[in-house]
Amino acid sequence: MTSLANQLGPLRAPGTPTPAAPAHAYDLGLLVLRLALGLTMAAHGAQKLFGWFGGGGIDGTGQFFAASGYPSPKAFAAVAGLSETLGGLGLVLGLLTPLAAAAVAGTLVNAIAVKWGGGFFAPQGIEYELLIALGAVALALTGPGRIAVDRFLPGLRSHRLGYGVGAVALGFVVATITLLLRK
């Protein structure tokens, strides 16, 4: 039986220096990060969409969005819930990782804007939202690692920094447009 590292192949190009850690260590670390961020965001999305885990569902979340100045609050609640759920599940699977990360980061840019006056630290601060958003951006830029569905998709098989930068830029543009619609 071969090890996971042997099955996945080399992480570095031939002739380059040996990395500080074995390739499988990087892949496992990225997997743990994807699972932590993705499952957290998928659960938050399920709160918004279905009222699971003590969430408000579309109606309760829509009321919050109305109080926060968003037009069409139920529609924005659904968009936020879908972005968090699908983006989170995409991170968990390592599926379309740059776009999944951008959906998560863009949603959290809006959350940061809504909570901005509460300082940095919880419970009113933005530390949680900022940490998750920057973790998602980091995954968009580095890629999901080799333990991911993206490894089997021809266009995403080898992660390119440009995909991550483009996806993050798209996420921030959509987040900015959404913020501009707030009253």
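Taking region 99-152 as the range and being open to solvent by 40 Å² or more (accessible area, probe 1.4 Å) and touching a Phe, Trp or Tyr at 6+ places or on another chain (Cβ under 7 Å) as the test, the residues that pass are Ala122, Glu127. Within region 60-89, the set of residues being outside any helix (DSSP H, G or I) and either open to solvent by 90 Å² or more (accessible area, probe 1.4 Å) or hydroxyl-bearing (Ser, Thr, Tyr) (or both) comprises Ser68, Tyr70, Ser72.
For region 34-59, a residue qualifies if it is among the small types (Gly, Ala, Ser), in a helix (DSSP H, G or I) and open to solvent by less than 30 Å² (accessible area, probe 1.4 Å), and the qualifying residues are Gly38, Ala42, Gly45, Ala46, Gly57.
The values are calculated or read from the model by the stated rules, or taken from the named source; none is laboratory data. None of the values given here were measured: they were computed from a predicted structure. Every residue, glycine as well, gets a Cβ built from its backbone with ideal geometry; the counts of neighbours run over all protein chains shown. Protein only, heavy atoms only, side chains kept; ligands, DNA and RNA dropped before computing areas. Shrake-Rupley method; radii C 1.70, N 1.55, O 1.52, S 1.80 Å.
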